[in-house]
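Asks: First, the structure itself, so that you have it in front of you.
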Amino acid sequence: MPADALAELDLDAARAAVGAAGTLDELEDLRKRLVGKQSVAARVKQSIKDLPADRKPVVGKAVSEYTAAVTTLLDERHADLVPVEATGTALDLTLGGHGRMRGHLHLVTQCRRELEDVFVSLGYRVEEGPEVEDDWHNFEALNFPPGHPARAMQDTLYVNLGEPEQVLLRTHTSPVQVRVMETQKPPIYSVMPGRTYRNETLDARHSPVFHQIEGLAVDRGITFGDLAGTLEAFTSAYFGKQLQSRLIPSFFPFTEPSAEFSITCVFCDGAGCRVCSKTGWIELGGCGMVDPNVFRKVGIDPEEYSGFAFGFGLERMPMLRYGVEPIKTFFDNDIRFLTQY
Amino acid sequence: MRAPLSWIREFTPLEADPVTIASALDNLGLEVEALDAPGAEIVGVKVAKALDVRKHPGADKVRLVDIDFGDGTTTVVCGAPNVVAGMVMPYAPVGATLPGGFTLTPKKIRGIVSDGMLLSPRELGLSDDHGGILGLGADAELGADVRDVLDLHDVVFDLAITPNRPDAMSMVGVARELAAHFGLPLRVPPPVIDESGAPTASEVTVRIDAPERCARFTVRRIGVTMGESPAWLARRLTLAGMRPISNVVDVTNYVLLERGQPLHAFDLDRLPGRGLVVRLAADGERMTTLDGVERSLTAEDLLVCDAEGRPQAIAGIMGGSVAEVHEATTEILLEAAYFQPMGISRSSKRLGLRSESSARFERGVDPNGVLVGSARAAELLRLVASGHVAPEPIDEYPVPIVPARITVRVPRVEALLGVELGAERVKETLRPLEIEIEEPGAGGGDDFVAIPPTFRPDLEREIDIVEEVARRVGFNEIPRTLPHTTGVSGGLTLRQRERRLVEDVMVGFGAAEAMTVPLIAVTDLERFGLSIDATVEVTNALRAEEPILRPAVLPGLLKAAAYNASQGLADLALFELGHVFMAPAAGVLLPDERDHLTVLLAGAVTRAPIEADRPVDVYDAVDALDAIAEALELEDLRLVSGTAPGFDPARGAVVTVDGDPIGHVGAIAGSVLDAFGIPGPAVAIELDLDGLLGGTRRDRAFRLPSRFPASNIDLAFVLPETVHAADVERTLRTAAGELLEAVRAFDEFRSDALGAGRRSLAFALRFRAPDRTLSDTEIATARLACIDAVIAAHAAELRG
């Protein structure tokens, strides 16, 4: 008998084997293998008589301890298995639980948080503002003078406060930019998610309510290149590295230069399809360098500071990513939609 | 704007393929919304001429048209109003294919089989115009393939032009941009006109009474012979999305498209007083526009009137029918003007009247290009309408508009764009846009003066020049960088993090987040029992039936529950975190706007087969509230007696934090459920979020859990129903002192023996000391103190 015979008495292995036995028959087979007449333990025990005198007590004690421990494990498992054998089967857990409801964040909130987190990781803070705004913050300070044609593009809802057409439901999240610049000194790095309103009837393609997220950076030496780079960093983080983004010149009263930014179409990888009108590009939102007039209105010196701003629709993100449509789905509050995500 | 490639090529020798050109246009900011090849799907459509137009025996609105299609004659049935004998039109015989892949089959109309059909611009896929059959021009060869006649092999760029770019609303403007981009010459030949006869001014008069709204007004007198336009002209207009009407009208439209200068042709013989006056309308003044609609005007609208003061056109927007050119017109007065853009924009918006003309005037046409535009029209009218142009047009231009002079600092341009260009490169980007560069004098450094042309009214400031440089360099050619931020760290505020926590707790509780529209109907408030007093109302909603900004979220959530119930989904748990709006206090402009946390549980809690299903009850709502209070570690959130609109007065409570009411919890009143059409029970919470988040938080100082044994005692009291369990619990806590580790109510019991208005409440108290095992005496003392306190405070009896 080699000196390492005791090594074959592996209590951990025995414990694992006992724990895995699922029926009384399996357990009895295991009992024979572990502590029966043909078992390793029995062989070791028989070999004791051939051992040198000084080894006999050591090995004898180890074998009896092992045998006792394994027998206990087997007996305990036997007690656990008896009720299972009595009913013939284990409980049917597929009946489900006690019926606790599962909650869900709205898809727009999920998207909002994801975008907030992307920008927070880029060093931005999150700012909010009122949904009912005055003309100053929504238009005037953003370089939309009275009668400016771009105001007509906004389809504004006005409310019965102040002078006629003075108080309105904000048409974009940009008034939060104004509030941030009025109350904070540069450097400013902020994103501004929120609810916005247009004078539309809720139907497949229009909604009187939707959400935007807006970004603003004001600092010394901010460049147009920084704007493009920041948008690229964001689209990569949100949509994945393989997407390209591009800027094309556009017009907004509160930025100059102004651009629309697009990403390669997520449905056709830029090959051109129905969703992207065969252009290979999907427009995400507008952006540009903060117009010097806006800086002057909020008391920031445009010769000392420069900045960029960008904004896009929140609903658009899940519409692109998961194909959610029409937009009214977000506001129908059908529980099947609310609990799908 | 629809720009046919062949028309653009007239001004610059573009050889790039259409896809490359489209990409260039995008990058220049003239966004290509669609690249159309209009003829690609059209097969077998021929040119035909109407020989006779006859009445259909079985219908008033459709007619029989005998046509000659070159290879023969036939008869088609046609419903369009504009077909007259002699008109040349596109004809699709049976078997021809139209855009959309639609192939013509014989079709019976009111009992008569039509041998094919005559086509509108829309049916040919050229525009949305379905108001009549497309006229092809008198000289089109009968039987020819319509694709050749209309040059449908051409490619058309459908461009979305931003409001700041009037110059790009023309073929010449688009060509200028592309020529600059591809480094090609731009060739726009000056119009050549042969003038004869009496000078214009000897025959007609012009006066501007509103110079602040009309800086320049010009007229030319031109003798014309009315007729159809030749095919080339009709084709170009058609490709660009306009329907040919007559040679004179078509020429004005052609120049509008080519040069961006809108023109208006008046029939001089129909113009009372043989003159024009530009003046503001009087409030309430009325005129009928060309489209047959009578318009009511205001003192903000600008009119072009005849010399006797009667309105003949809404300036820059649409003409009237009185002095409209017609088939017998022999002499026209051709107006070309510059109107102040914002005035046109406002009138056009208020009247709901947009035209190709107003789209250009509201962006701002070139005040110094006005006469060139009318000269180009004169040149074309000589060609297509036997025009005789009178010399010396009248040109009222009291205060000429001069180009801007903009000092450009090259380092500033580079600093804003984040790219080094050098002075020469900057200037080179500007010159092809016809921006003049005035070099600095000696010692002037890199600064220079840029003088943009007056067809670019968007270029007024240095920053506008920066944008031009960026456009010419290419927005996507500028290296992408990230801001060099220092000392700035991102993050959410405590409030933002706690707001997320509240949302997450509600999700953990099992509620799905809803987003209801904050605009609701007066009836929604009424059904809920809320008053419209102190609410804020939208004054101009398209959806006028829902004008109220919600003062509470629950009405919206109840509507959502009703909608789901109508889908057979009556069991639900919803929450919403959103703004509510109340009228502001006196002297404040903006409403009192706050975040509400609202929860609505409706129908049954489904637990079968593990447990029985049961209807939701108020204690489910209390659970939700507890979960929030626990997550926020609120020190003092209480439920006190009270009710609120919409709630069942017997099954609800006011929620207070630190003693201040912040909202309500309870069951929705049965009458409200009925009013909203919700079948089952519903319970709800509506709270002011900041009231919740502003609450005092529990002390977070560490308390070492004691390892000594606990002593548990139970106490039952008979109490008036008006005493709340929480009140007794607070009394017990105070009386038991520091040794009390936990207390909770564990039994509620009513019986006849206890009497009406009374109930028994049993509490389990767990005592434990941090440093010792409590003695029997200590427990007994604490027990007595608890009993005495409850009896004294709540008119209670200890229950045996």
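The values are calculated or read from the model by the stated rules, or taken from the named source; none is laboratory data. Quick caveat: nothing in here was measured; it's all calculated off a predicted structure. A quick note on method: Cβ atoms are made from the backbone with ideal geometry, for glycine too, and the neighbour counts reach across all protein chains shown.
Residue-wise test of (1) modelled with pLDDT under 85; (2) over 20 Å from B:His153 (Cβ atoms); (3) among the small types (Gly, Ala, Ser); (4) crowded, with 17+ Cβ neighbours inside 10 Å.
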| residue | (1), (2), (3), (4) |
| --- | --- |
| B:Val45 | no, no, no, yes |
| B:Asp68 | no, yes, no, yes |
| B:Gly86 | no, yes, yes, no |
| B:Thr97 | no, no, no, no |
| B:Gly100 | yes, no, yes, no |
| B:Leu104 | no, yes, no, yes |
| B:Ile109 | yes, yes, no, yes |
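Asks: Do we have any residue at all in segment B:480-488 that's at pLDDT 95 or above, among the polar types (S, T, N, Q) and assigned by TED's automatic domain parsing to the domain that holds B:Thr643?
Replies: Taking every residue of segment B:480-488 in turn, none turns out to be at pLDDT 95 or above, among the polar types (S, T, N, Q) and assigned by TED's automatic domain parsing to the domain that holds B:Thr643.
Asks: Specify which of the listed residues (B:Gly529, B:Gly510, B:Gly587) is among the small types (Gly, Ala, Ser) and within 8 Å of chain A (Cβ to nearest Cβ).
Replies: Details: B:Gly529 fails: within 8 Å of chain A (Cβ to nearest Cβ); B:Gly587 fails: within 8 Å of chain A (Cβ to nearest Cβ).
Sole residue among the options that is among the small types (Gly, Ala, Ser) and within 8 Å of chain A (Cβ to nearest Cβ): B:Gly510.
Asks: Go through A:Ile222, A:Ile213 for me and flag whichever is at the interface with chain B (Cβ under 7 Å from one of its Cβ atoms) and either over 30 Å from B:Pro18 (Cα atoms) or among the charged types (D, E, K, R) (or both). Lay out the reasoning, then the answer.
Replies: Details: A:Ile213 fails: at the interface with chain B (Cβ under 7 Å from one of its Cβ atoms).
Unique residue meeting the criteria: A:Ile222.
Asks: Continuing with this model, one more query. For residues that are in a loop (DSSP other than H, G, I, E, B) and in contact with a strand residue (DSSP E or B) (Cβ under 9 Å, 6 or more places away or on another chain), tally how many sit in segment A:307-341.
Replies: Number satisfying all stated conditions: 7.
Asks: Now for a separate question. Here is a check on your reading of the model: is B:Leu381 surrounded by 16 or more Cβ atoms within 10 Å (Cβ to Cβ) and outside the structural domain of B:Ile208 (by TED's automatic domain parsing)?
Replies: Numbers: surrounded by 16 or more Cβ atoms within 10 Å (Cβ to Cβ): yes; outside the structural domain of B:Ile208 (by TED's automatic domain parsing): no.
No, not satisfied.
Asks: For segment B:514-556, how many residues meet the condition of being outside any loop (DSSP other than H, G, I, E, B), within 25 Å of A:His104 (Cα to Cα) and either under 26 Å from the mean Cα position of the chain (by Cα) or not assigned by TED's automatic domain parsing to the domain that holds B:Asp592 (or both)? First the steps, then the outcome.
Replies: Of segment B:514-556, the ones outside any loop (DSSP other than H, G, I, E, B) are B:519-520, B:522-528, B:536-538, B:548-549, B:554-556.
This time we only want the ones that are within 25 Å of A:His104 (Cα to Cα), so: B:519-520, B:554-556.
Now narrow it down to the ones that are either under 26 Å from the mean Cα position of the chain (by Cα) or not assigned by TED's automatic domain parsing to the domain that holds B:Asp592 (or both): B:519-520, B:556.
Matching residues across segment B:514-556 total 3.
Asks: Can you confirm whether A:Ala21 is touching a Ser or Thr at 6+ places or on another chain (Cβ under 7 Å) and either within 14 Å of chain B (Cβ to nearest Cβ) or buried (at least 17 other Cβ atoms within 10 Å of the Cβ) (or both)? Before you say what the answer is, go through the steps one by one.
Replies: Details: touching a Ser or Thr at 6+ places or on another chain (Cβ under 7 Å): no; either within 14 Å of chain B (Cβ to nearest Cβ) or buried (at least 17 other Cβ atoms within 10 Å of the Cβ) (or both): yes.
So A:Ala21 does not fit the description; no.
Asks: Can you name the condition, by its number, that B:Asp283 falls short on among (1) of a type in the set (D, E, K, R); (2) free of Cβ contacts under 8 Å to residues at least 24 places away in the same chain; (3) touching a Gly at 6+ places or on another chain (Cβ under 8 Å)?
Replies: B:Asp283 satisfies every listed condition except (3).
Asks: Let me ask something else. For segment A:228-244, enumerate the residues that are more than 9 Å from chain B (Cβ to nearest Cβ) and crowded, with 20+ Cβ neighbours inside 10 Å. Break it down stepwise before answering.
Replies: Let us first name the residues in segment A:228-244 that are more than 9 Å from chain B (Cβ to nearest Cβ), namely A:234-244.
Listed by number, the residues that qualify are A:Phe234, A:Thr235.
Asks: With the structure loaded, tell me whether A:Ala204 is in the same structural domain as A:Gly129 (by TED's automatic domain parsing) and surrounded by fewer than 23 Cβ atoms within 10 Å (Cβ to Cβ) or whether it fails that test. Full working, then the answer.
Replies: On the way: in the same structural domain as A:Gly129 (by TED's automatic domain parsing): yes; surrounded by fewer than 23 Cβ atoms within 10 Å (Cβ to Cβ): yes.
So A:Ala204 fits the description; yes.
Asks: Among B:Asp446, B:Asp395, B:Asp366, which is the only one that is acidic (Asp, Glu) and not in a loop (DSSP other than H, G, I, E, B)?
Replies: Numbers: B:Asp446 fails: not in a loop (DSSP other than H, G, I, E, B); B:Asp366 fails: not in a loop (DSSP other than H, G, I, E, B).
Being acidic (Asp, Glu) and not in a loop (DSSP other than H, G, I, E, B) holds for just one of B:Asp446, B:Asp395, B:Asp366, which is B:Asp395.
Asks: Within segment B:539-561, track down each residue that is under 11 Å from A:Ile335 (Cα atoms) and out of contact with any Ser or Thr (no Cβ under 9 Å at 6 or more places or on another chain).
Replies: Within segment B:539-561, the subset under 11 Å from A:Ile335 (Cα atoms) is B:560-561.
Scanning segment B:539-561 gives a single hit, B:Ala561.
Asks: Still on this structure, I have one more. Those residues that are under 20 Å from B:Asp674 (Cα atoms) and at the interface with chain A (Cβ under 10 Å from one of its Cβ atoms), I need them from segment B:590-601; list them, please.
Replies: Answer for segment B:590-601, where residues must be under 20 Å from B:Asp674 (Cα atoms) and at the interface with chain A (Cβ under 10 Å from one of its Cβ atoms): just B:Leu601.
Asks: From (1) in contact with a helix residue (DSSP H, G or I) (Cβ under 7 Å, 6 or more places away or on another chain); (2) among the hydrophobic types (A, V, I, L, M, F, W, C); (3) surrounded by fewer than 20 Cβ atoms within 10 Å (Cβ to Cβ), pick out the condition that doesn't hold for B:Val410.
Replies: With respect to (1) in contact with a helix residue (DSSP H, G or I) (Cβ under 7 Å, 6 or more places away or on another chain); (2) among the hydrophobic types (A, V, I, L, M, F, W, C); (3) surrounded by fewer than 20 Cβ atoms within 10 Å (Cβ to Cβ), B:Val410 is out only on (3).
Asks: Identify, please: which residue in segment B:184-198 is surrounded by 14 or more Cβ atoms within 10 Å (Cβ to Cβ) and of a type outside the set (A, V, I, L, M, F, W, C) and is, among those, farthest from B:Leu371 (Cα to Cα)?
Replies: Going residue by residue through segment B:184-198, those that are surrounded by 14 or more Cβ atoms within 10 Å (Cβ to Cβ) are B:184, B:186, B:188, B:191, B:193, B:195, B:197.
Subset that is of a type outside the set (A, V, I, L, M, F, W, C): B:191, B:195, B:197.
Numbers: B:Pro191: 10, B:Glu195: 14, B:Gly197: 19 Å.
The selected residue is B:Gly197.
Asks: Something else now. Go through segment B:24-50 and give me each residue that's farther than 16 Å from B:Gly116 by Cα and either more than 14 Å from chain A (Cβ to nearest Cβ) or of a type in the set (A, V, I, L, M) (or both).
Replies: Applying the first criterion (farther than 16 Å from B:Gly116 by Cα) to segment B:24-50 yields B:24-41.
Correct list: B:Ala24, B:Leu25, B:Leu28, B:Leu30, B:Val32, B:Ala34, B:Leu35, B:Ala37, B:Pro38, B:Gly39, B:Ala40, B:Glu41.
Asks: So, one more: Within segment B:47-84, which residues are of a type in the set (Lys, Arg) and more than 42 Å from the chain's Cα centre (by Cα)?
Replies: Keep residues of segment B:47-84 that are of a type in the set (Lys, Arg), which gives B:49, B:54-55, B:61, B:63.
Once the filter is applied, which keeps residues that are of a type in the set (Lys, Arg) and more than 42 Å from the chain's Cα centre (by Cα), segment B:47-84 yields B:Lys49, B:Arg54, B:Lys55, B:Arg63.
Asks: Only one of B:Ser114, B:Ser202 is among the hydroxyl-bearing types (Ser, Thr, Tyr) and closer than 29 Å to B:Glu41 by Cβ. Can you tell me which? Don't jump to the end; show me each part of the working.
Replies: On the way: B:Ser202 fails: closer than 29 Å to B:Glu41 by Cβ.
Of B:Ser114, B:Ser202, the one residue that is among the hydroxyl-bearing types (Ser, Thr, Tyr) and closer than 29 Å to B:Glu41 by Cβ is B:Ser114.
Asks: Any residue that is assigned to a loop (DSSP other than H, G, I, E, B), surrounded by 15 or more Cβ atoms within 10 Å (Cβ to Cβ) and either of a type in the set (Gly, Ala, Ser) or not assigned by TED's automatic domain parsing to the domain that holds B:Val655 (or both) - is there at least one of those in segment B:776-792? Spell out how you get there, then give the answer.
Replies: In the first step, residues of segment B:776-792 are kept if they are assigned to a loop (DSSP other than H, G, I, E, B); the result is none.
Checking segment B:776-792: not a single residue is assigned to a loop (DSSP other than H, G, I, E, B), surrounded by 15 or more Cβ atoms within 10 Å (Cβ to Cβ) and either of a type in the set (Gly, Ala, Ser) or not assigned by TED's automatic domain parsing to the domain that holds B:Val655 (or both).
Asks: Might you check whether a residue that is among the small types (Gly, Ala, Ser), within 7 Å of another protein chain (Cβ to nearest Cβ), assigned to a loop (DSSP other than H, G, I, E, B) and surrounded by fewer than 17 Cβ atoms within 10 Å (Cβ to Cβ) occurs anywhere in segment B:484-496?
Replies: Going through segment B:484-496, the residues among the small types (Gly, Ala, Ser) turn out to be B:487, B:489-491.
Of the ones still in play, those that are also within 7 Å of another protein chain (Cβ to nearest Cβ) are B:489-491.
Subsequent filtering for residues that are assigned to a loop (DSSP other than H, G, I, E, B) retains B:489-490.
Pick out the ones that are also surrounded by fewer than 17 Cβ atoms within 10 Å (Cβ to Cβ) and you get B:489.
The answer is yes, given that some residue of segment B:484-496 is among the small types (Gly, Ala, Ser), within 7 Å of another protein chain (Cβ to nearest Cβ), assigned to a loop (DSSP other than H, G, I, E, B) and surrounded by fewer than 17 Cβ atoms within 10 Å (Cβ to Cβ).
Asks: So B:Glu513 fits all but one of (1) at pLDDT below 95; (2) more than 17 Å from A:Val159 (Cα to Cα); what number is the exception?
Replies: That leaves (1) as the condition not met.
Asks: Restricting the first residue to segment B:608-620 and requiring it to be assigned by TED's automatic domain parsing to the domain that holds B:Ala682, which pairs with a second residue that is surrounded by fewer than 11 Cβ atoms within 10 Å (Cβ to Cβ) and assigned to a loop (DSSP other than H, G, I, E, B) meet a Cβ separation below 9 Å and a spacing of at least six or different chains?
Replies: B:Ile610/A:Gly97; B:Ile610/A:His98; B:Glu611/A:His98
Asks: Another question, if that's okay. Please count how many residues of segment B:73-109 are at positive phi and without any contact (Cβ under 8 Å) to a residue 60 or more places away in the chain. Show your work before the answer.
Replies: Restricting attention to segment B:73-109, the residues satisfying the condition of being at positive phi are B:86, B:95, B:100-101.
Narrowing the set further to residues that are without any contact (Cβ under 8 Å) to a residue 60 or more places away in the chain leaves B:86, B:95, B:100.
Looking only at that region, the number is 3.
Asks: Filter segment A:61-104 for residues that are free of Cβ contacts under 8 Å to residues at least 60 places away in the same chain, within 14 Å of chain B (Cβ to nearest Cβ) and surrounded by 11 or more Cβ atoms within 10 Å (Cβ to Cβ) and give the result.
Replies: Passing the criteria: A:Gly96, A:Gly99, A:Arg100, A:Met101, A:Gly103.
Asks: Residues in segment B:693-715: is at least one buried (at least 20 other Cβ atoms within 10 Å of the Cβ) and more than 60 Å from the chain's Cα centre (by Cα)?
Replies: Yes, some residue in segment B:693-715 is buried (at least 20 other Cβ atoms within 10 Å of the Cβ) and more than 60 Å from the chain's Cα centre (by Cα).
Asks: Counting residues that are of a type in the set (Lys, Arg) and modelled with pLDDT of 95 or more, which strands (runs of 3 or more DSSP E) fully inside segment B:133-237 reach at least 2? Let's see the steps before the verdict.
Replies: Working: elements: B:156-160, B:205-208, B:214-223.
Answer list for segment B:133-237: B:214-223.
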